[in-house]
Amino acid sequence: MKPAPSRVLALMRKEFLQIGRDPSALAIAFVMPMILLLLFGYGVSLDARNVRLAIVVERPDALTAEFTAEFDHSAYFRARRFLDIQQAERAMATDKVDGIIWLRADFTRRFDAGAGAPIGVIINGVDANTARIVEGYVQQVWAGWLAARAHAAGRGPQPSLAVTAEVRFNRSVSSRNFLIPGLIAMIMTLTGALLTALVIAREWERGTMEALMVTRVRIREILLAKLVPYFVLGMGGMAMSVALAVYLFGVPLRGGIAVLAATSALFMLAALGMGLLISGVARNQFVAGQIAIIATFLPAFLLSGFVFDIESMPAVVRLITHVVAARYFVAILQSLFLAGDIWPVILPNAAALALMAAIFLGLARATARKRLD
Amino acid sequence: MPAAADRGPALRLEGVRRAFRAGGRVVTALDGIDAVAARGDVIGLIGPDGAGKTTLMRLIAGLLRLDAGRIEVLGIEVARDPLAVQARLGYMPQRFGLYEDLSVGENLDLYADLQDVPRASRPDRYAQLLTMTGLGPFRSRIAGQLSGGMKQKLGLACTLIRPPEVLLLDEPTVGVDPVSRRELWQIIGHLTRDNGTTVLFSTAYLDEAERCDTVLLIHEGRLLGHGSPGAFTAEMAGRSYFATAAIGRRLLQARLAAAPGVIDAVIQAGHVRVVAESTAPLDAATLVAGAPDLRLAPTAPRFEDAFVARLRPASAGRRAAAQAASPAPTSASPPAPAGGAVIEVTHLTRRFGAFTAVKDVNFAVAGGEIFGLLGANGAGKSTTFRMLCGLLPPSSGGLRVAGFDLRTAAAPARGRIGYMAQKFSLYADLSVRHNLRFFSSVYGLAGAAQRRRIEWAVAEFELASMLDATARDLPLGFKQRLALACALMHEPRILFLDEPTSGVDPLARREFWRRINGLAAAGVTVLVTTHFMEEAEYCDRLAIMAQGEILVEGTPDAIKRAAVRADRPDPTMEDAFIAVVEAATAAAAAGAAA
């Protein structure tokens, strides 16, 4: 027997009425993404700014003053002068500074001699990520200073020292532009899975599912009627998140809206499918929430390449990332936001999403029974 | 109607068996149920909580698989074609299966769509159902804001939206006030009479059996009896008496319960109801010692007598042991001086936002008295209780327990209170021994005193055989005994019991009340809430609560006497309850009109 449209429509209407009356679904679809976006957009940054730097100059002179002034003028550093390296190291040990720039007594002499002036750079490696960024910045300052000096001296740029760095795709080198597209994938994972898993668990808790099951309704009608309203809601949350990203955080959106909408729809289906699958096992909202977070959000957070680079993971973990739907969506979003419609990236990832959506929805349908056991 | 064409009874159960896996254990919920029910009958599925009633309902509705056996509904085997059965069946699960965010009308629309009720026939059907349930004026009200009784009727209306041939109602009267209960039975009478609907009605209230055509009596997953309620009571003919004597009915009841040839003795209607082992007449002169004026008046048997008679043989051993410990479990401390009020409640009010849960409640309980709070779910009993235990501050009003003002000295007052919560609130993962040890330590007992008290509890509540069993695995009656033992560890002078007997079988209930009577005799003041009307009669005094207010307070006899009318010379407690609630509703309506 085919699904009866009247029954599916009746269930969908009920779902929308409930969404309107009980704000918890709206909170998951709109308020939670907004809070996460604001939190990550404003609060979390992988950029090193205001790095506390100790500068030790053993024999100050005009040259060292000129060089260290570069750090004072940089937006990335907050420089403090120390008289000797021991003091600076103590400051680092007590976490008062993040790095030390150490110009030894022979700095100016060796520089003038053209013998290659050594700069001691000591970086607090506790936070490896920041450490690498600081290291890079210091080198940039050094290279920039050299180039400026050479230019001022009228000698023209020295090819052997010239560093030509060009940043592509994220020209302002803001980690926000890279994080927010990934974050949208996280949010959509959570909304999609949590929304369906929770509302179905709620029906179990309140005993309404039991009442539904004894009516003429078919199980696939129940699933369809859950899928459509929460798809609409999830896509609404998605649209809001994209709007916040572009208009509030100024993240560029270089790809086409239609491509974004189509790939988001695929991902949303996969997330909702996971939610439906969870709802088959979890019959109360607490358990459903726990499973949704552990089985969907955490893997998406850790294994999607959103923060942690997949390429640098061990081979086994890299293999596991292939079953995390968010991984494909993160790749698509980062490319759509920062690069544009790069088809060689979008097409294979979209195909993977379609496959995962089909698998999750198929499993949800196959395991759902019009029975309590 | 298609029903006329096919053959077969409304319901046929053959060797129905179903077990569940809970943790590592297998629990047999139903074991070998055989029964046949005729079309158009009201079939009562009767047994205490945990008997297997809901499992049987779900099996019949095709929501669970059978382990063994066969179920046919209207001649269709459920396991083979659940959809065909579901198309002709109406099922109202516990808690009514309503969408509480939707209005009355929206719930009806939803179920009408799900049951493929043609649009053209809906206005008539809705009008009919709304009239029948009295929900007409509330069509746009959100279901969650309806009272328990109205929810029950809306649930029923949704189930009936497409007239089912077989209607399954799973404990529709639990937590519903007696007035709504009575109205539900009127609707059921209507359905079977006018539409020929077969109704399967599950309940833990034994008194509802007498309204059914056939009764399936189940207990611990087994069928104890199957037949008309008349047949059940007929076999008890000549075995029931009302006993009276000058020694006071509570003492008389304790002695009669232990007397030879007596299988049951409970307080009812101002007398002690006695059920004899056989039809051989009881000799009033020699039955109990110390009551030479004992008179026994034969009375008509009731359904509960038959249930108790059937349960007794299985638990004869336990009973002998229980009665050896009679008459009274005593607490070591001397009785409190009688007369003075131990619990005093004056103008007690509790508001939650705009909602007033308890409104201007006044009562006083004397030492050694058993005081009952009677009311449906949501009447304000539990809120009152929590305030009395110092767990919830009152919005206004005075509360004195054991001479302490609960607003200023909650801690010392609590030290004198024993509290047994409605739900099993012991540590389910601990053994009986560890629970006793834990609760006695919590109450400050240690060393020899603690050992003595635990020994007392083990002997008094007959827990020795189960000392090392995990509390979770105990039978319900045992759990309840353990809970009471834990509440009594610190020898409280006041005992608060919140719905202590819900879900336990009639025998365990009797045993429980025997202990409570013993405690009261030893001077312990007992405050108990219940929704079992007949239990109200075991109290010295009681208050009937509805919507946060005390409607009437007095002895059970006085409350019943006030309900006497020409057409109702001997009202039951339920009659009295309904009369009181109806009078209050009428007064409120008159007040609103004026």
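The values are calculated or read from the model by the stated rules, or taken from the named source; none is laboratory data. From a predicted model like this one, the values you see are computed outputs, not experimental measurements. As a convention, Cβ positions derive from the backbone with ideal geometry for all residues, glycine included, and neighbour counts pool all protein chains shown.
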* Structure fact -> All-but-one check, B:Glu537 against (1) closer than 17 Å to B:Gly378 by Cβ; (2) charged (D, E, K, R); (3) buried (at least 22 other Cβ atoms within 10 Å of the Cβ), failing number (1)
* Filter region A:84-117 for residues that are outside any helix (DSSP H, G or I) and under 23 Å from A:Asn50 (Cβ atoms) and give the result. => A:Thr94, A:Asp95, A:Lys96, A:Val97, A:Asp98, A:Gly99, A:Ile100, A:Ile101, A:Trp102, A:Leu103
* To do: Among what's in region B:96-116 and is of a type in the set (A, V, I, L, M) and at the interface with chain A (Cβ under 10 Å from one of its Cβ atoms), pick the residue that is nearest to B:Val176 (Cα to Cα).
  => B:Leu98
* To do: Among the numbered conditions (1) on the phi > 0 side of the Ramachandran plot; (2) more than 8 Å from chain A (Cβ to nearest Cβ), tell me where B:Val78 comes up short.
  => (1)
* Asked: Does any residue of region A:203-224 turn out to be more than 29 Å from B:Gln94 (Cβ to Cβ) and either hydroxyl-bearing (Ser, Thr, Tyr) or part of a helix (DSSP H, G or I) (or both)?
  -> no
* To do: Scan region A:4-52 residue by residue and report those that are in contact with a helix residue (DSSP H, G or I) (Cβ under 6 Å, 6 or more places away or on another chain), modelled with pLDDT under 90 and at the interface with chain B (Cβ under 9 Å from one of its Cβ atoms).
  => A:Ser6
* Might you let me know whether region B:98-117 holds any residue that is assigned by TED's automatic domain parsing to the domain that holds B:Gly32, without any contact (Cβ under 8 Å) to a residue 12 or more places away in the chain, surrounded by fewer than 21 Cβ atoms within 10 Å (Cβ to Cβ) and among the aliphatic types (A, V, I, L, M)? => no
* Asked: Of the residues B:Leu74, B:Leu11, B:Leu66, which single one is under 13 Å from B:Leu216 (Cβ atoms) and surrounded by 15 or more Cβ atoms within 10 Å (Cβ to Cβ)?
  -> B:Leu11
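Here are A:Val121, A:Val138: which of them is closer than 28 Å to A:Ser175 by Cα, modelled with pLDDT of 75 or more and outside any helix (DSSP H, G or I)?
A:Val121
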* Asked: How about region B:153-233: which strands (runs of 3 or more DSSP E) wholly inside it have at least 1 residues that are within 14 Å of chain A (Cβ to nearest Cβ)?
  -> B:166-170, B:198-203
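Given the criteria over 23 Å from A:Pro5 (Cβ atoms) and within 12 Å of another protein chain (Cβ to nearest Cβ), does B:Leu89 qualify?
yes
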* Considering only residues that are under 25 Å from B:Asp575 (Cβ atoms) and either among the polar types (S, T, N, Q) or within 23 Å of the chain's Cα centre (by Cα) (or both), look in region B:218-248 and name the one that is surrounded by the fewest Cβ atoms within 10 Å (Cβ to Cβ). => B:Gly230
* Note down all Cβ pairs under 8 Å where the first residue falls in region A:261-282 and is free of Cβ contacts under 8 Å to residues at least 60 places away in the same chain, the second is crowded, with 20+ Cβ neighbours inside 10 Å, and they're at least six residues apart or on different chains. => A:Val281/A:Ile291
* From the residues in region A:294-316 that are β-branched (Val, Ile, Thr) and under 18 Å from A:Phe329 (Cα atoms), which one is surrounded by the most Cβ atoms within 10 Å (Cβ to Cβ)? -> A:Thr296
* In this structure, does B:Ala143 turn out to be more than 19 Å from the chain's Cα centre (by Cα) and small (Gly, Ala, Ser)? -> yes
* Asked: Which number in (1) within 12 Å of chain A (Cβ to nearest Cβ); (2) in contact with a strand residue (DSSP E or B) (Cβ under 6 Å, 6 or more places away or on another chain); (3) not aliphatic (A, V, I, L, M) marks the one condition that B:Gly15 misses?
  -> (1)
* Asked: Which residues, counting only those in region B:341-358, are among the polar types (S, T, N, Q) and closer than 24 Å to B:Val526 by Cβ?
  -> B:Thr346
* Go through region B:540-594 residue by residue and tally those that are of a type in the set (Val, Ile, Thr) and in contact (Cβ under 8 Å) with a residue 24 or more places away in the chain. => 7
* List the helices (runs of 4 or more DSSP H) that sit entirely inside region B:28-118 and contain at least 2 residues that are more than 31 Å from the chain's Cα centre (by Cα) and under 24 Å from A:Glu205 (Cα atoms). => B:82-87, B:104-114
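Yes/no per residue for (1) under 30 Å from B:Ala87 (Cβ atoms); (2) surrounded by fewer than 20 Cβ atoms within 10 Å (Cβ to Cβ); (3) touching a helix residue (DSSP H, G or I) at 6+ places or on another chain (Cβ under 7 Å):
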residue	(1), (2), (3)
A:Ile320	no, yes, yes
A:Val330	no, no, yes
A:Leu338	no, no, yes
A:Ile342	no, yes, yes
A:Leu347	no, yes, no
A:Leu363	yes, yes, yes
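Is there a residue in region B:577-589 that is assigned to a strand (DSSP E or B) and not assigned by TED's automatic domain parsing to the domain that holds B:Ala204?
no
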* Asked: How many residues, within region B:505-542, are modelled with pLDDT of 90 or more and touching a Cys at 6+ places or on another chain (Cβ under 9 Å)?
  -> 2
* Asked: Any residue at all in region B:63-75 that is within 21 Å of A:Leu212 (Cβ to Cβ), of a type in the set (Asp, Glu) and either touching a helix residue (DSSP H, G or I) at 6+ places or on another chain (Cβ under 8 Å) or more than 9 Å from chain A (Cβ to nearest Cβ) (or both)?
  -> no
* Hey, any hits in region B:43-55 for a residue that's within 23 Å of A:Lys370 (Cβ to Cβ) and within 14 Å of another protein chain (Cβ to nearest Cβ)? -> yes
